[in-house]
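Values in this text are rule-based calculations from the coordinates and carry no lab data. Since the model is a prediction, treat every value here as computed from it, not as a measurement. Cβ: placed from backbone, ideal geometry, glycine included. Neighbour counts: every protein chain shown.
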Amino acid sequence: MTLSDVRNQTDLSERVSIDRTGNRILIIEDQPEIRRLLAHYLMTQGYETKTAENGLDALFLLEQWRADLVTVDLNMPIMDGHDFIEKSVIRWPDMPIVVVSGIGAVDQAVDALRIGARDFITKPIENFSLVNNTIEKALEAAELIRQNRDYQQNLEKKVEKRTIELEEIKRQLLYSLGKSAEYRDNETGRHVIRVGKICLLLAEAMGMDSTLAKTFAEAAPLHDIGKIGISDIILLKPGKLTAEEWTIMKKHCEIGCDILRDYSSAKEHDGVEFEEIIRMGDDIGALSLLEMAMVIALCHHERWDGEGYPCNLSGTQIPLIGRIVTVVDVYDALGSERPYKKALSEEICQKILREGKGSHFDPQVIDVFFANINEVLAIKKEWMD
Ligand SMILES: [Fe+2]
Ligand SMILES: [Fe+2]
C-alpha cells in the first residue's frame, strides 16, 4: 500500500460528504496532458473548470473568473507555483490552494503549505479519488472558515448594536433622573435640556475636547438632582425663604452629590470631604459621566468671588465644569417661570449676567457666553417651555 492509499482511506472515512456541484476550480499546470486529464476528471465530478499554463496567466484569469479553489503545479515557466501562491494569498486570502507536486519535491510542497497552500497531491496521479477527496476537504475547510468569519462579524455587529442601545438607555435614564428633580418646580423639564445644550456649546467654544464636552453636556442636566431631597414646602414656597429654610434649600448641592456618589469611585472612600470631591473636577478627563455630574451637583452654586455655597470656593478653585454650569443655570432659570417667580425678559437676564461677571461668574465663561449669544438664543428658542 502506498502513502497515497493510506491518506486516501483515512481521509475518506473522516470526510463529511457535501455536494460541490458547480464549484469553480482553476487548474494551473504547464504539462498539457496532466492539465487536460485533471480538467476532464474534475468536470466529470461536477466541477466547473478552467486551466492556465503558468502562475502569471492564472493571476490574470482569476481577476475575471473567481475560482472557489485552485490546484497549482510548483515547477512551471514564467511564474512558478511558489510565486503564484505568495501573490494570490494576498489578493484572495479565502481561496483554497491545493499543490500538485512531483513525488521528489516534498520539500517544495512543505514550503508551499508554509506560505499558504491548504494541501498537496503528488504526481504522477495514480488515484483520482484522492484528488477528489483532497479538493473536497479543502473546499469544506474554506467554507468553515468563511462561516466562522461571518458568524464572528455578525456577533460583532450584534455587540455593537447592543452597546449603542445600552448607551441610549443610559442617556434616557440620566435625562429622566435630571428631569424628575426639575419637574418639581418646573413642569416642562426643558430647563435641563437647555442647560445641557448650552453647556455643550460653551464647553466646545472654550476648546474642551469634543468627547469630554458631550459627556459634560449629559452630566450638566443632573445639577439639581439634590432637589429631590428638599421638602415641597420650601422648594415651592411662593414667598421669600426664611434663613432656616434657606439653609435647608442650600443642602440640595450636598444631597445631589451624595445621591451620585453611590455610583462613582468616591463611594470607595465614604466620608470623603466635599472639597476633595470638588478637586476631582480638576481632571475631568479622568471622570466618568456620573462623577462629572457629582462634581457639578456639588459646586454649581459656588461663586467666582467666594460668596457661594456649599464650600465657599473662589475663582479657579471651582472646577471649570462647575463655573460653566453656574452661568448657564442662572441664565436659564432667570428666563424661566417657576411657582415662586415670573420669567424675566431676555434683556434683564443678559444684564444680570453682565453685572455678575467677575463677582458671581467666571469672567471668561461670561465672555464666551456673549461671544456665542446667537447660538444660545437659538437653543433657548428651540427648547422653549
Ligand atoms: Fe441648584
Ligand atoms: Fe437648574
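What FRET efficiency comes out for the pair Arg184/Lys214, r = Cβ-Cβ distance, R0 = 25 Å, nearest 0.05?
0.40
Rounded if a/c is under 1.5, else prolate if a/b is larger than b/c, else oblate: which is the chain, with a ≥ b ≥ c the root eigenvalues of its Cα gyration tensor?
It comes out prolate by the Cα gyration axes.
Per the Kirkwood formula on distinct C-alpha pairs, the Rh of segment 3-151 is how many angstrom?
15.3 Å
Treat each spin label as a single point 7 Å out from the Cα along the C-beta direction, and report the Arg66 to Asp232 distance in nm.
Simple spin-label model gives 6.8 nm for this pair.
Skipping prolines and chain starts, which residues have an amide H placed within reach, meaning under 5 Å, of the one on Thr49, given they are 5 or more residues away or on another chain?
Amide H neighbours of Thr49, under 5 Å, 5+ apart: Ile25.
Of the peptides 240-248, 135-143, how do they stack up when ordered by the mean number of other Cβ atoms within 10 Å, highest first?
135-143, 240-248
Going through the DSSP H helices of the chain, which span 24 Å or more along their own axis at the Cα atoms while scoring at least -1.0 as a mean Kyte-Doolittle hydropathy? Can you show the working numbers first?
Working: long enough: 128-182 (81 Å, -0.81).
Membrane-span-like by this rule: 128-182.
Considering the Cα positions of segment 183-382, please state its Rg to one decimal place and its Dmax as a whole number of Å.
15.9, 46
Please compute the net charge surrounding Asp30, taking Lys and Arg as +1 and Asp and Glu as -1 over other residues with Cβ under 13 Å from its Cβ.
-3
Identify all lysines with a Cα-Cα distance to Lys381 below 28 Å; exclude those on the same chain that are fewer than 8 residues away in sequence.
Within reach: Lys170, Lys179, Lys197, Lys214, Lys227, Lys341, Lys342, Lys351, Lys357.
Return a whole-number percent for the relative contact order of the chain, with Cα pairs under 8 Å and 6 or more residues apart as the contact set.
Working: 541 pairs, mean separation 42.2, N = 385.
Reported relative contact order: 11 percent.
For the pair Asp150 and Ile248, what calculated FRET efficiency results from E = 1/(1 + (r/R0)^6), where r is the Cβ-Cβ distance and R0 = 51 Å, to the nearest 0.05?
According to the calculation, E is roughly 0.25.
Over segment 183-382, calculate the relative contact order: mean separation of alpha carbon pairs under 8 Å at least 6 apart, over the residue count, as a percent.
Details: 278 pairs, mean separation 47.1, N = 200.
It comes to 24 percent, rounded to a whole number.
Just from its helices, what would the mean residue ellipticity at 222 nm be for the chain, if runs of 4 or more DSSP H residues each count -39500 (n - 2.57) and the sum is divided by every residue, rounded to the nearest 500 deg cm²/dmol?
Details: 17 runs with 221 residues, N = 385.
Per the formula, -18000 deg cm²/dmol.
Which percent, to the nearest 5, of DSSP beta bridges fully inside the chain are antiparallel?
5 percent
Rank-order 164-174, 341-351, 61-71 by packing density, defined as the average count of other C-beta atoms within 10 Å over each peptide's residues, highest first.
61-71, 341-351, 164-174
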